[in-house]
Amino acid sequence: MDLRRYINRSSQIERVRDLALRGLFFYQPFIFTDTLQTGVGLEFENEEFDGLIYWPDCPDEHLKNESFSRFLVDNKQYEIFKSANNRLRVTYEYFIDEICVAVGDVERTTFVDVGTNLGYFPVSLAKRGALKTVGFDSVDYSETFSFLNSLLHTNSEFHFGAYSPEKMVIPRCGKYDVAIAMHVLTHLSDPLHFLNFLGTTARKAVFLWNHVSENNDNMAITHGDSNRYYPENPFPFSFDFDTRLSVKLLYRCFELMGFRDIREIQIPEGGLIPKTQYEHKAFLAIRR
């Protein structure tokens with residue numbers, strides 16, 4: 001999302017920098033100024049640890065902070081960083097448009113984004129006139145939401161809460177017309193329970209974006225490294241890295257939950273370039 005036309009005060013830039021330094025403005029593709037941009041596009045398309053934030057004039061005092069400097073993009077990679085995040089933005093906007101067209105009457109539709117991160121989808125849907133948009137995350141992004149709402153004149157809500165594998169719910173989540181999950185399932189060791197949670201949360205539709213298994217002849221689940229990032233989560237509810245379902249199993253799960261119109265949403269022209277055909281598949285399942 002290009003926010004340059006909304007930013008007209010130095011205090012707004014300082015606010016973004018403060019949030020970034022505290023780990024609250026990194027992952028999703030936002031442009032604040034020509035010299036302050038964020039997004040995971042380069043890491044999606046290239047390699048992990050290539051960087052999530054372009055800040056070429058970052059003060060030396062922050063460069064010494066390894067937990068922050070790990071996220072900075074090498075200035076020499078700016079052009080490919082910018083291009084990759086532009087493709088990610090194109091992909092995001094296309095997905096949002098496809099969701100809006102499919103559900104229709106957005107002004108009477110409520111949306112929940114599970115694992116919302118910075119809130120790109122909720123605030124974008126709010127800008128399109130959605131009745132209500134809510135984001136849940138296990139990291140407290142309430143300040144980020146507040147900043148984006150003030151900048152874009154939206155009223156998207158953030159709730160601090162994580163999906164509980166043991167209870168298979170998010171406390172106080174409630175029901176919404178459309179449930180969205182972007183690369184959340186990829187981290188969960190209990191993907192079928194999480195899918196069921198999305199299905200029971202959504203009255204009308206579920207939008208899911210995730211890696212899928214290469215074993216698409218069978219109803220298969222594959223797992224990557226267990227507890228790669230979250231060793232505090234005990235077995236069997238580990239927070240895994242790269243959990244994948246086969247497309248055949250995904251379709252069957254949606255059918256069992258009562259979704260009859262199941263669509264694979266293709267990456268648009270000019271969108272994200274996946275490393276393989278099994279990465280970043282998007283599905284929209286609609287009740288009829």
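Among the residues of the range 121-137, is any of a type in the set (Ser, Thr, Tyr), assigned by TED's automatic domain parsing to the domain that holds PHE259 and within 21 Å of GLY23 (Cβ to Cβ)?
No: the range 121-137 contains no residue that is of a type in the set (Ser, Thr, Tyr), assigned by TED's automatic domain parsing to the domain that holds PHE259 and within 21 Å of GLY23 (Cβ to Cβ).
Test GLU48 against the stated conditions and say whether it is modelled with pLDDT under 95, under 30 Å from THR201 (Cβ atoms), within 22 Å of the chain's Cα centre (by Cα) and not hydrophobic (A, V, I, L, M, F, W, C). Explain how you work it out, then say what you get.
Numbers: modelled with pLDDT under 95: yes; under 30 Å from THR201 (Cβ atoms): no; within 22 Å of the chain's Cα centre (by Cα): yes; not hydrophobic (A, V, I, L, M, F, W, C): yes.
It is false that GLU48 is modelled with pLDDT under 95, under 30 Å from THR201 (Cβ atoms), within 22 Å of the chain's Cα centre (by Cα) and not hydrophobic (A, V, I, L, M, F, W, C).
The residues in the range 180-194 that are assigned to a helix (DSSP H, G or I) and either over 24 Å from LEU125 (Cβ atoms) or free of Cβ contacts under 8 Å to residues at least 12 places away in the same chain (or both) can be counted, and the count is 3. The set of residues in the range 24-51 that are farther than 24 Å from ALA126 by Cβ and without any contact (Cβ under 8 Å) to a residue 40 or more places away in the chain comprises ASP34, THR35, GLU43, ASN46, GLU47, GLU48, PHE49, ASP50, GLY51. Residues in the range 202-234 that are touching a residue at least 40 places away in the same chain (Cβ under 8 Å), surrounded by fewer than 16 Cβ atoms within 10 Å (Cβ to Cβ) and not in a loop (DSSP other than H, G, I, E, B): ARG203 only.
Among the residues of the range 1-44, those that are charged (D, E, K, R) and in a helix (DSSP H, G or I) comprise ARG4, ARG5, GLU14, ARG15, ARG17, ASP18, GLU43. Restricting the range 102-135 to residues that are hydroxyl-bearing (Ser, Thr, Tyr) and within 17 Å of the chain's Cα centre (by Cα) leaves a set whose member that is farthest from MET168 (Cα to Cα) is SER124. Counting only residues that are surrounded by 15 or more Cβ atoms within 10 Å (Cβ to Cβ), aliphatic (A, V, I, L, M) and either in contact with a strand residue (DSSP E or B) (Cβ under 6 Å, 6 or more places away or on another chain) or modelled with pLDDT of 95 or more (or both), the range 256-268 holds 3 of them. For ASP2, the conditions (1) in contact with a Leu (Cβ under 7 Å, 6 or more places away or on another chain); (2) modelled with pLDDT of 95 or more; (3) charged (D, E, K, R) all hold with the exception of (1).
For the range 178-191, indicate whether the set of residues that are touching a Gly at 6+ places or on another chain (Cβ under 9 Å), assigned by TED's automatic domain parsing to the domain that holds SER246, among the polar types (S, T, N, Q) and at pLDDT below 95 is non-empty. Yes, the range 178-191 has at least one match.
The residues on offer are PHE121, PHE111, PHE197, and the sole one that is touching a residue at least 24 places away in the same chain (Cβ under 8 Å) and over 21 Å from ARG288 (Cα atoms) is PHE121. Looking only at residues of the range 131-170 that are among the polar types (S, T, N, Q) and not in a helix (DSSP H, G or I), we find that the one that is nearest to PRO236 (Cα to Cα) is SER164.
When ALA205, ALA220, ALA282 are checked against the criterion of being of a type in the set (A, V, I, L, M) and under 14 Å from HIS183 (Cβ atoms), a single residue qualifies: ALA282. The set of residues from the range 235-282 being within 17 Å of PHE194 (Cα to Cα) and assigned to a loop (DSSP other than H, G, I, E, B) comprises PHE235, PRO236, PHE237, SER238, ASP240, PHE241, ASP242, THR243, SER246, MET257, GLY258, PHE259. Scanning the range 1-39 for residues that are β-branched (Val, Ile, Thr) and surrounded by 22 or more Cβ atoms within 10 Å (Cβ to Cβ) turns up VAL16, THR38.
Would a scan of the range 242-255 turn up a residue that is among the hydroxyl-bearing types (Ser, Thr, Tyr), surrounded by fewer than 16 Cβ atoms within 10 Å (Cβ to Cβ) and within 20 Å of the chain's Cα centre (by Cα)?
Within the range 242-255, the subset among the hydroxyl-bearing types (Ser, Thr, Tyr) is 243, 246, 251.
Subsequent filtering for residues that are surrounded by fewer than 16 Cβ atoms within 10 Å (Cβ to Cβ) retains none.
No: zero hits.
Name the single residue that is farthest from ALA285 (Cα to Cα) among those in the range 80-130 being in a loop (DSSP other than H, G, I, E, B) and hydrophobic (A, V, I, L, M, F, W, C).
LEU118
Figure legend. Inter-residue proximity from the range 71-85: first residues more than 18 Å from PRO274 (Cβ to Cβ), second residues of a type in the set (A, V, I, L, M, F, W, C) and assigned to a loop (DSSP other than H, G, I, E, B), beta-carbon distance below 6 Å, spacing 6+ or different chains. Indicated pairs: PHE71/PHE26; PHE71/LEU52.
The values are calculated or read from the model by the stated rules, or taken from the named source; none is laboratory data. This is a predicted model, so every value here is computed, not measured. When we count neighbours, we look across all protein chains shown, and the Cβ atoms used for this are built from the backbone with ideal geometry, even at glycine.
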